[in-house]
Amino acid sequence: MRWGTKKRADISIMVAVFCVAFLAFCAFGIDMAYITLNRIKLQRATETTALASVARYRETLNDESEELFNLYKTKFDTIRDAQIVSAQYKDEGNNIYKVKISTKLMSPVYFLRFVGVGGVRIEANSYAQTSPQIETDKQSGEIIELDTLMTDKSGSEFKIKTKTGSYGYFVFAGIKKDDGSYIFSDIGCKADTTIISKNVNGKNYNLICAQEANFDLSKQCSPQVNTNTLNYIRIFSANASDCSTASNILNNVEEKIKEEINNKQGLIDEQWKNDFPKNDETTGQPIPYDELTMPQIPDFPITLNWIQSLIPMQDEKPYELTVLNNVKLITKNDF
């Protein structure tokens, strides 16, 4: 009887010890999981800060990392006490800048404090650099792939420039689906220049009428156009006459011809010069420069080929795309 009572007592002690050890292990596991979660949050905030900081630095050459970090860390309520340790920048030339952001946080604990641990210090490092991308001689309708995923940042994200006379184009932003197909949406309304609504096959699109335009993805122009992330850009040319600048082209060419004629005094029939531009005998209206024929133009020095050389013609590859604040994360070795 005594032996049985002693055995039960020993088992009870073992169970009690096991329960204490199990609870201690669970408490330690909970604290470690909380610390690990904070470490992930701190790393994310640090990476976002590095990307934004190097983009800002390229524009201003000022370190704004602390301000940006204070903004991004508030998105994670458990790391509000985190701080920036240092921000180190490098100028690699050719508009390429690099940054290393180091942060720290004294992560609180719940159960370890009962054994004298007030908190656990965690640190995070992130490296980023500007990633300039310029795509030239792009054909109308060609899909342009970006080096990295473009997201909305401070200021304009990209710029499109056309060659002389390439007026009127549509811009679409796209992403690629898992099956390899693309989804494109019209983002012409995000340009910082003149926009004309153009109806194509029953649907309105934003026609851009400028040789150079910056595009800001944060610009809210309609509820249907909320694109702020893209990986592909597609540009489609339009008829130059759809843009108001087309009339300016005609006027400029006409003025150039008149100027050239005046510089050739004595070499051109004065009557032809006085009658320029020639009028259509039927309508009485001036004959458009691109409809003039050789008999209507003196052989010397004005020829149809010479006039055409003054006319801004549509180029087969008229577009240049420049990514303005493209940035990407890099490794420690790349820094």
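The values are calculated or read from the model by the stated rules, or taken from the named source; none is laboratory data. Predicted model only: the values in this text are computed from it and were never measured. Positions of Cβ are backbone-derived with ideal geometry, glycine not excepted, and every protein chain shown enters the neighbour counts.
Things to note:
- Close contacts from region 213-241, counting a first residue that is modelled with pLDDT under 85 and a second that is assigned to a helix (DSSP H, G or I), with Cβ to Cβ under 6 Å and a gap of 6+ residues or different chains, come to K219/K190; C221/C189; V225/C189; A240/A246.
- For S86, the conditions (1) among the small types (G, A, S); (2) crowded, with 20+ Cβ neighbours inside 10 Å; (3) more than 30 Å from S197 (Cα to Cα) are fulfilled apart from (2).
- Residues within region 32-53 that are of a type in the set (V, I, T), at pLDDT below 90 and buried (at least 17 other Cβ atoms within 10 Å of the Cβ), tallied: 2
- The requirement of being within 21 Å of the chain's Cα centre (by Cα) and modelled with pLDDT under 90 is fulfilled nowhere in region 62-69; no residue meets it.
- In the set (1) under 18 Å from the mean Cα position of the chain (by Cα); (2) modelled with pLDDT of 80 or more, T148 fails one condition alone, (2).
- Tally, over region 198-212, of residues that are of a type in the set (G, A, S) and at pLDDT below 80: 1
- A search for C-beta distances below 6 Å between a residue of region 135-161 that is at positive phi and any residue that is surrounded by 14 or more Cβ atoms within 10 Å (Cβ to Cβ), counting only pairs 6+ apart in sequence or on different chains, returns G141/F236.
So that you can scan it fast, the table gives a plain yes or no per residue for (1) within 27 Å of F215 (Cα to Cα); (2) at pLDDT below 90:
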| site | (1), (2) |
| --- | --- |
| A82 | no, no |
| S102 | no, no |
| F111 | no, yes |
| K138 | yes, yes |
| I143 | yes, no |
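- Here region 116-132 is the region considered, the condition is being at pLDDT 90 or above and not β-branched (V, I, T), and the residue that is surrounded by the fewest Cβ atoms within 10 Å (Cβ to Cβ) is R121.
- Filtering K198, K203 for residues that are touching a residue at least 12 places away in the same chain (Cβ under 8 Å), surrounded by fewer than 21 Cβ atoms within 10 Å (Cβ to Cβ), farther than 30 Å from E64 by Cβ and in the same structural domain as R234 (by TED's automatic domain parsing) leaves a single hit, K198.
- Residue count for region 46-89 satisfying the condition of being more than 21 Å from V323 (Cβ to Cβ) and free of Cβ contacts under 8 Å to residues at least 60 places away in the same chain: 25.
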